[in-house]
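Data block below; observations after.
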Amino acid sequence: MQEDQKINQTQVIGPWKMTWIHFKKKKTAVAGLIIFAILVLGSTFAPFLTPYSLETIDKTARNQPPSWEHWLGTDNLGRDYFTRILYGGRVSLKVGLFAVIISIVLGVIIGGIAGYYGGWVDNVLMRFTEIVMSFPFL
């Protein structure tokens, strides 16, 4: 009787919880997630984090090394590197998000057509997909 109560009291861990448990054990994965989160948040809130405009040219601050005023220094036109990196991250995030959305839409459409019709249509679409995936992306 007591053994039955123990069996009934065991918790079932879901797949997301199990994935999170395994993820937390890998220190490099956690470090990568933290760095990625910092980059995403920094790029998202770039206008609020930097005191300089992206287009501002300060000829008096040309080629300065890192300092408290310019954390990563300035370029040959006096533009702040930190500001430019954060704003550049915004462009990279938009391009990446756009590429993911396009991939999902095309994948759902091609997969839906292949699954609905089946047969030779499925074979043709899957061979086309394999050909596209065989090209290396840089």
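Assorted remarks:
- In the chain, the longest principal axis of the Cα atoms and the axis of helix 119-134 are about 30 degrees apart.
- Net charge of the neighbourhood of residue 75, taken over other residues with C-beta under 10 Å away and scored Lys/Arg +1, Asp/Glu -1, is +2.
- The chain - mean residue ellipticity at 222 nm from DSSP helices (-39,500 (n - 2.57) per run, n ≥ 4, rounded to 500): -22500 deg cm²/dmol
- Residues of the chain were split at every exposed loop site, defined as chymotrypsin sites (Phe, Trp or Tyr not before Pro) in a DSSP loop with at most 13 other C-beta atoms within 10 angstrom, and the longest piece left, sites excluded, is 72-136.
- Residues listed by number, the range 75-114, amide nitrogen under 15 Å from residue 57 label point at 7 Å toward C-beta: 75-80
- Neighbour-limited loop hits for trypsin sites (Lys or Arg not before Pro), the range 7-88 (at most 14 other Cβ within 10 Å; DSSP other than H, G, I, E, B): 26, 62
- The chain: angle of helix 15-25 to the longest principal axis, Cα-based, in degrees nearest 10: 50 degrees
- Helix 81-117 and the long axis of the chain differ in direction by around 20°, with both axes built from C-alpha atoms.
- Per residue, the convex hull volume that the Cα atoms of the chain enclose (Å³): 249 Å³
Read-outs: derived from the displayed coordinates by stated rules, not from any lab. On a predicted model such as this, the values are computed, not experimentally measured, just so you know. When we count neighbours, we look across all protein chains shown, and the Cβ atoms used for this are built from the backbone with ideal geometry, even at glycine.
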